[in-house]
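S.K.: Take a look at this one; I'll ask things after.
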Amino acid sequence: MIEVEGLTKDFGARRAIDGLTFNARQGEIVGFLGPNGAGKTTTMRILTGYMPPTAGTAKVVGFDVTEQSLEVRKRVGYLPETVPLYNDMTVYDYLKFMADLRHLAEAEDRVLEALEVVNLLDRAEGYIGNLSKGMRQRVGLAQALLHKPEVLILDEPTIGLDPAQIIEVRKLIREIGKERTVLLSTHILSEAQQICDRVLIINKGRIVAEDSPEHLQSRLAGAQRVSLRVQGDADGLESSLSAVNGVQTVVARPDGTWEVETIPGIDTRPQIARAIVQAGYDLLEMRAMGLSLEDIFMELTREEPEPPAMDETEAEQVEPEPEQETVEEE
């Protein structure tokens, strides 16, 4: 439903996105993750026809976003991060206005259906200017669903919502994702982990990782970690655990638990449990510690430190190049 190949966008001398290539299928929820300024919003604006790319191609439901922009807009529902609403209109009047702009048949029925989906029927006659930020966000989501789009593009869909509303919106997105293609950006990594079938991690305009959350964790985890809890005085436990073949590090944590890191590819838990019991300790808990999506995100988007710039005094002390030292005398 979404096909992107070599997508590039320049703003003057700055390259916002650089050769993005990815796809999203029908019935799939794809999470778009990245730090601020990574190019997520720019990509979404191109996919929704708000701006053209500098290079590359993007197709939505088979239509080119540049050559067939109107056809794309008919099939895409878009919720921007900052929802453009009219404060002096009622919720119903705003949605009816948006439905009329799209020339939707049975516009009134569509409005009521969208209001029911986002649970705002009781606020239909209320003025948008009097709504909380969370409710305004739901009005924006209703607008994106009015025309029953095949593709839904959501930029930070749960921003400003309270915990109960976040749960409702996540549930709604999961339901929508069963029939439509959903592309959403988020800074809430647990959100992507809970509702997305696949995640794209973007940094400096390029995709640095693409896979399901589970596969990303297993592929990038590296060393395996195990959390332990034992009963009684644990003096000497560190040396007993360090003697187990495959154990790399043993760390005592402030909460009384122990973290053991082992070499990848080998399950050393049976040997660890045996070593604890043989050393005379009671093992109360043992669990594997997977690498979280947040850990992966921070690792893949980490900025490499730049070499320090020389000040003027240091620059004066730099010796000239050898070829500049040799001067032929006449």
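The values are calculated or read from the model by the stated rules, or taken from the named source; none is laboratory data. Source: prediction; values computed, not measured. Heads up, the Cβs are rebuilt from the backbone with ideal geometry, glycines too, and the neighbour counts pull from every protein chain shown.
S.K.: Just to be sure before I move on: is Y94 out of contact with any strand residue (DSSP E or B) (no Cβ under 9 Å at 6 or more places or on another chain) and among the hydroxyl-bearing types (S, T, Y) in the structure I sent?
M.R.: yes
S.K.: Also: Select, from Q143, Q165, the only residue that is touching a helix residue (DSSP H, G or I) at 6+ places or on another chain (Cβ under 6 Å), polar (S, T, N, Q) and more than 30 Å from L70 (Cβ to Cβ).
M.R.: From the options Q143, Q165, the qualifying one is Q165.
S.K.: So which of D18, D10 ends up being in a strand (DSSP E or B), without any contact (Cβ under 8 Å) to a residue 60 or more places away in the chain and acidic (D, E)?
M.R.: Just one listed residue meets the conditions, D10.
S.K.: Take segment 45-83 and flag every residue that is among the hydroxyl-bearing types (S, T, Y), part of a strand (DSSP E or B) and surrounded by 16 or more Cβ atoms within 10 Å (Cβ to Cβ).
M.R.: Selection gives Y78 alone.
S.K.: Just to confirm my filter: which helices (runs of 4 or more DSSP H) fall fully inside segment 87-146 and include at least 2 residues that are of a type in the set (K, R), modelled with pLDDT under 90 and in the same structural domain as V72 (by TED's automatic domain parsing)?
M.R.: Here the list reads 133-145.
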